[in-house]
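Peer 1: Take this structure first; my questions come after.
Just so you know, all these numbers are worked out from the coordinates, no wet-lab data involved. It should be emphasised that the depicted structure is a prediction, and the values quoted were computed from it without experimental measurement. Cβ placement follows ideal geometry from the backbone for every residue including glycine, while neighbour counts extend to all protein chains displayed.
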Amino acid sequence: MTHPTVRQIEQEEAKGKGLPEFGVGDTVDVRVRIVEGDNERIQVFRGTVIARKGKGLRETFTVRRIVQGEGVERVFPLHSPKVAGVEVRRRGKVRRAKLYYLRDRVGKATKVKERRD
């Protein structure tokens, strides 16, 4: 009996075509499955993607938004069953791979220019 390679298992488990192309700087709506007792609902987390890390099944992305004047960041595993979907709201025009500098900014300075293709 031959054992499947890690790469084959990852391809079977990956969401593949269910996710749109998005990158750092984009404003996205992440639909997250929340389980409360017996009920399951979907909650939307809207924010700017400030980082993407990893490859394959281990890929994650970090989304930042401001709630009541306080910065909130969440790291989502891209292929997690908890992530019901990702919708791109607007494309961001950025020149670097990680936007950690946005953590130090307040108000309008946190805006990322829109990319018009």
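Peer 1: Just to be sure I understand the filter: pairs with C-beta atoms under 7 Å, separated by 6 or more residues or on different chains, first member in region 76-96 and without any contact (Cβ under 8 Å) to a residue 60 or more places away in the chain, second member outside any loop (DSSP other than H, G, I, E, B) and exposed (fewer than 12 other Cβ atoms within 10 Å of the Cβ). Which pairs pass?
Peer 2: Cβ pairs passing all conditions: ALA84/ILE42.
Peer 1: Sticking with this structure for a sec: Go through (1) over 30 Å from ARG7 (Cβ atoms); (2) free of Cβ contacts under 8 Å to residues at least 12 places away in the same chain one by one and return the number of the condition LEU102 breaks.
Peer 2: Answer for LEU102: the failing condition is (2).
Peer 1: Here's something else I'd like to know. Could you tell me which residue of region 11-70 is surrounded by the most Cβ atoms within 10 Å (Cβ to Cβ), considering only residues that are among the hydrophobic types (A, V, I, L, M, F, W, C) and over 24 Å from ARG90 (Cβ atoms)? Let's see the steps before the verdict.
Peer 2: Taking region 11-70 first, the residues among the hydrophobic types (A, V, I, L, M, F, W, C) are 14, 19, 22, 24, 28, 30, 32, 34-35, 42, 44-45, 49-51, 57, 61, 63, 66-67.
Retained after the next criterion (residues that are over 24 Å from ARG90 (Cβ atoms)): 14, 34-35, 57.
Values: ALA14: 15, ILE34: 11, VAL35: 9, LEU57: 17.
Among residues in region 11-70 that are among the hydrophobic types (A, V, I, L, M, F, W, C) and over 24 Å from ARG90 (Cβ atoms), the one surrounded by the most Cβ atoms within 10 Å (Cβ to Cβ) is LEU57.
Peer 1: Does VAL86 count as surrounded by 11 or more Cβ atoms within 10 Å (Cβ to Cβ) and in a strand (DSSP E or B)? Explain how you work it out, then say what you get.
Peer 2: Numbers: surrounded by 11 or more Cβ atoms within 10 Å (Cβ to Cβ): yes; in a strand (DSSP E or B): yes.
Yes; evaluated as a whole, the condition is true for this residue.
Peer 1: Right, here's the next one. Any residue that is of a type outside the set (Val, Ile, Thr), closer than 12 Å to VAL63 by Cβ and part of a strand (DSSP E or B) - is there at least one of those in region 9-27? Give the steps one after another, and end with the answer.
Peer 2: Looking only at region 9-27, we keep the residues that are of a type outside the set (Val, Ile, Thr), and these are 10-23, 25-26.
So of that shortlist, the ones also closer than 12 Å to VAL63 by Cβ come out as 22, 25-26.
Filter once more, keeping what is part of a strand (DSSP E or B): none.
No; the residues of region 9-27 include none that is of a type outside the set (Val, Ile, Thr), closer than 12 Å to VAL63 by Cβ and part of a strand (DSSP E or B).
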